[in-house]
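Presented below is the structure to which this report refers.
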Amino acid sequence: MYDEVGPSEMIVHLGPQHPMLPGPFRLNAKLRGETVVDSEVEMGWIHKGIEKILENKTYLQGITIVDRICYLAALTNEEAYVGCVEKLAGIEVPERAQYIRVIMEELSRIQSHLLGMGEYASFVGFVSMFMYTIKEREDLMSVIDSVTGARITHSFLRFGGVKDDLPEGFKEDVKYVFGNLRKAIDNYEELFSTDSIYKARTVGIGTLTAEVAKDIGVSGPPLRATGVAFDIRKDEPYLVYKDLDFKVCTQTAGDVFARVQVRLDEMRESMYIVEQCLDQIPSGPIFPEGTAYGRRSPVMRIPAGEVFHRVEDPRGEMGFYMVSDGSDKPYRVKIRGPVYPTLQALPPLLKGVPVADIVAIAGSMDTCTSEVDR
Amino acid sequence: MDAKAMIDSLSSQFTGVIYDAQVESDIRILAKVKPESVKDICQYLKEKLSFGHLCCEFGVDYPERNEIEVVYVIGSYEHPVVLTLKAILPRDDPEVESVVPVYWNANWYERETYELFGVKYLDHPDLRPLVLPQDMLGEWPLRKDYKGFPNKTARNLV
Amino acid sequence: MAEVEPVSTNNKDDMQEEIPGVMTTSTSAISDFLKKTKAQDIINWGRKNSLWFTVNAMGCCGVELLSTGMAHYDTDRFGIIPRNSPRHADVLIISGYVTKKYFPALKRIWDQMPAPKWVIAYGDCAISGGPFYESYSTRQNVDEVFPVDIYVPGCPPRCEALIQAFYELQKKIVAKKDKGTDY
């Protein structure tokens, strides 16, 4: 890219610290006039070496570390990690704990979409939209906070169960928050679908076709916006998702507008899932009884083996590959984040677009740099 | 086509190259592969068995066996089966063919495996460090014998 | 004007030449003089009420940083406004793990900020490395490089903690104990 910079071309660096970016990464764009000719993503500004750290922590200590892979999807990260250990050790999760996990993960999905959407809206020039979404998100955070005791990094899941049961009056709180949130989402949708300036900036911009998206390996809302109904909750059901009624939200256009629309629909669908769970949730223990592993055993030895477990993150497919050698620490943990291919897809998407569209396209991907860098 | 039929099709197509193939469950299959034919197998998997989604690719270091395993986890958009392919490389000089021509998103995975494990990918379009600064190249931090870990504990914790 | 005399002689090197009968001075001399008077109290009162901070979300704490500046916690009412450009900002919030690769960039943001400027170390990672203190990629003890005024412990600290941090910083500025300005 740097080798042949023509006389009327120049290279513009966006980042690593830039208001448009959801985290530190650097986008080097080669421009001819106002058009992006070529671009390249530089990563690693917040590479923390989580995979190496996990090798040196016991399994229980690892839960707090995986929280911090992606700060907006802490609960789904935990689910993927805890699910790996449960598969290796053969721990059965009691049904009530499974329902609690589904409720918390769906709530966390909604808050992640709210923040991602607000951030994106501020990138395309609707800063007040960020204020609206954060307002709703704070209500939701209080609900999550009332169960896990934390806002961002929860450390809530345990091997075989969850840390705490749902508190008194949780159902009413959720009902109250969801009432407001439904109205808010309808408002957002109306705003997005009627504003002509917004539509001019998003419809037909950054179009990803299904073939290209599959080839690139994208998953989650950017893939579903192209019409591919790929959702781990349906394709490879974990927890109690196979007993629940929900549909995979898809759009066909594959552009920026469609990606945001998918997120709006998914928030509604998640609310529907949570409501079902709250109606169906059985009473019972939240930890398995009579297993070799104690409730909070700091040292637990997991049988040797290898496992790949994947869950549906707010951003797509989150997978953990864990190699255990029979000791109390994992031998190797590989984290497969959903944003990794999504961010990789930016350079081909940005080819030939004007500079002003970079932020719209990058923002609509809802990238999380922390997870790519790990 | 279920998991058993897939692994049979793969083994019959590449006799002697695929070994230790096993079906772990309905949706997980595992096989080891000779490093020199990884690309051909991936091509076959993508075109004939619709394994079009490379979930991830990474290295695992085994110093006692003097081996580095490069693991390819390949899923699909059409069926729920996930295939784990393992190529075993010598630890002193790990070299394997790049699968970027088949799976486009292997690009970053291979760059990361290169800088963290020192696995050299042949015919990779752009093999340079991804997440580490340039001066850390050659330290291979994710190998088990990496000495700089834990490098310096914070002052107030000592 | 007797007090001005020693200050201006301190800066003799800056002056072009001595003109008989004319007393010359420089901006730094004036500001050095003001620091000893009541005027500095008024200046500090103004400064403490407009602490604009940079939005550089670097990790988990960055999300709380965003939330703090937005509708619910609404720091605008204290004159604490998120600014996207370091050129507009007074407060650098180190909101996460400082890696070896990111450190030069962060240093550059700090250098771009106009004085007077303050640093808040927000979260355990910025204070001591936090959960990543033993990583091969992160850098510890950033307070040896940046003059940190306020440390906010927590992983991540809540938004209220950041508001309290600003309150503590305001108190420090009023008491002239902050590291952003040398008195």
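The values are calculated or read from the model by the stated rules, or taken from the named source; none is laboratory data. A quick note: this is a predicted structure, and the numbers were derived from the prediction, not measured. Neighbour counts are summed over all protein chains in view; Cβ atoms, including those assigned to glycine, are modelled from backbone coordinates with ideal geometry. For accessibility, only protein heavy atoms count, side chains too; no ligands or nucleic acids. Shrake-Rupley method; radii C 1.70, N 1.55, O 1.52, S 1.80 Å.
Brief remarks on what is shown
- Selection from segment C:46-60 of residues that are within 15 Å of the chain's Cα centre (by Cα) and not in a loop (DSSP other than H, G, I, E, B): C:46, C:47, C:48, C:53, C:54
- Complete set of residues in segment B:24-57 that are farther than 28 Å from residue B:124 by Cα and open to solvent by 60 Å² or more (accessible area, probe 1.4 Å): B:24, B:26
- Any hit, segment B:65-78, residues being within 14 Å of chain A (Cβ to nearest Cβ), more than 24 Å from residue B:114 (Cα to Cα) and not hydroxyl-bearing (Ser, Thr, Tyr): yes
- Where residue A:13 falls short, out of the listed (1) of a type outside the set (A, V, I, L, M); (2) under 22 Å from the mean Cα position of the chain (by Cα); (3) farther than 30 Å from residue B:62 by Cα; (4) surrounded by fewer than 17 Cβ atoms within 10 Å (Cβ to Cβ): (2)
- Contact map, segment A:323-341: residues that are away from chain B (no Cβ under 11 Å) paired with residues that are in a helix (DSSP H, G or I) and open to solvent by 10 Å² or more (accessible area, probe 1.4 Å), Cβ distance under 6 Å, separation 6+ or inter-chain. Pairs shown: A:324/A:88.
- For residue A:89: the one exception among (1) surrounded by fewer than 19 Cβ atoms within 10 Å (Cβ to Cβ); (2) over 26 Å from residue A:366 (Cβ atoms): (1)
- Once segment C:110-129 is narrowed to residues that are assigned to a helix (DSSP H, G or I) and either within 9 Å of chain B (Cβ to nearest Cβ) or touching a Cys at 6+ places or on another chain (Cβ under 6 Å) (or both), the residue that is nearest to residue C:90 (Cα to Cα) is C:127.
- Residue match in segment B:94-113 (condition: out of contact with any helix residue (DSSP H, G or I) (no Cβ under 8 Å at 6 or more places or on another chain), of a type in the set (A, V, I, L, M, F, W, C) and more than 24 Å from residue B:147 (Cβ to Cβ)): yes
- Considering A:112, A:146, the condition of being away from every other protein chain (no Cβ under 13 Å) and part of a helix (DSSP H, G or I) is satisfied by A:146 alone.
- Residues satisfying the stated conditions in segment A:144-162, i.e. in contact (Cβ under 8 Å) with a residue 40 or more places away in the chain and closer than 17 Å to residue C:72 by Cα: A:144, A:152
- Wholly within segment B:54-125, strands (runs of 3 or more DSSP E) carrying at least 1 residues that are in contact with a Pro (Cβ under 6 Å, 6 or more places away or on another chain): B:67-75, B:82-90, B:95-97
- Boolean, residue A:361 is outside any strand (DSSP E or B) and open to solvent by less than 10 Å² (accessible area, probe 1.4 Å): yes
- Residue match in segment C:99-107 (condition: in contact (Cβ under 8 Å) with a residue 40 or more places away in the chain and farther than 24 Å from residue A:67 by Cα): yes
- Contacts under 6 angstrom Cβ, first residue in segment A:40-51 being facing chain B (nearest Cβ under 7 Å), partner assigned to a strand (DSSP E or B) and of a type in the set (A, V, I, L, M, F, W, C), 6 or more apart: A:51/A:333
- Enumeration of residues in segment C:92-109 that are more than 22 Å from residue A:119 (Cα to Cα) and more than 11 Å from every other protein chain (Cβ to nearest Cβ): C:107
- Candidate set: segment A:53-82, residues that are assigned to a helix (DSSP H, G or I) and open to solvent by 10 Å² or more (accessible area, probe 1.4 Å); chosen: the one nearest to the other protein chains (Cβ to nearest Cβ): A:64
- Subset of segment C:130-152 [modelled with pLDDT of 85 or more, in contact with a Gly (Cβ under 8 Å, 6 or more places away or on another chain) and outside any strand (DSSP E or B)]: C:147
- 1 or more residues crowded, with 18+ Cβ neighbours inside 10 Å and within 14 Å of another protein chain (Cβ to nearest Cβ): qualifying helices (runs of 4 or more DSSP H) within segment A:200-301: A:210-216, A:221-224, A:232-235
- Test: residue in segment A:94-103 that is closer than 28 Å to residue B:129 by Cβ and out of contact with any Ser or Thr (no Cβ under 9 Å at 6 or more places or on another chain): no
- Just one of the numbered conditions (1) touching a Phe, Trp or Tyr at 6+ places or on another chain (Cβ under 8 Å); (2) aromatic (Phe, Trp, Tyr); (3) under 20 Å from residue A:285 (Cα atoms) is not true of residue A:126: (3).
- Cross-chain or 6+ apart pairs with Cβ under 7 Å, segment A:115-143 first and more than 8 Å from chain C (Cβ to nearest Cβ), then among the acidic types (Asp, Glu): A:116/A:366; A:120/A:366; A:143/A:173
- Filter pass, residue C:89 being without any contact (Cβ under 8 Å) to a residue 24 or more places away in the chain and among the aliphatic types (A, V, I, L, M): no
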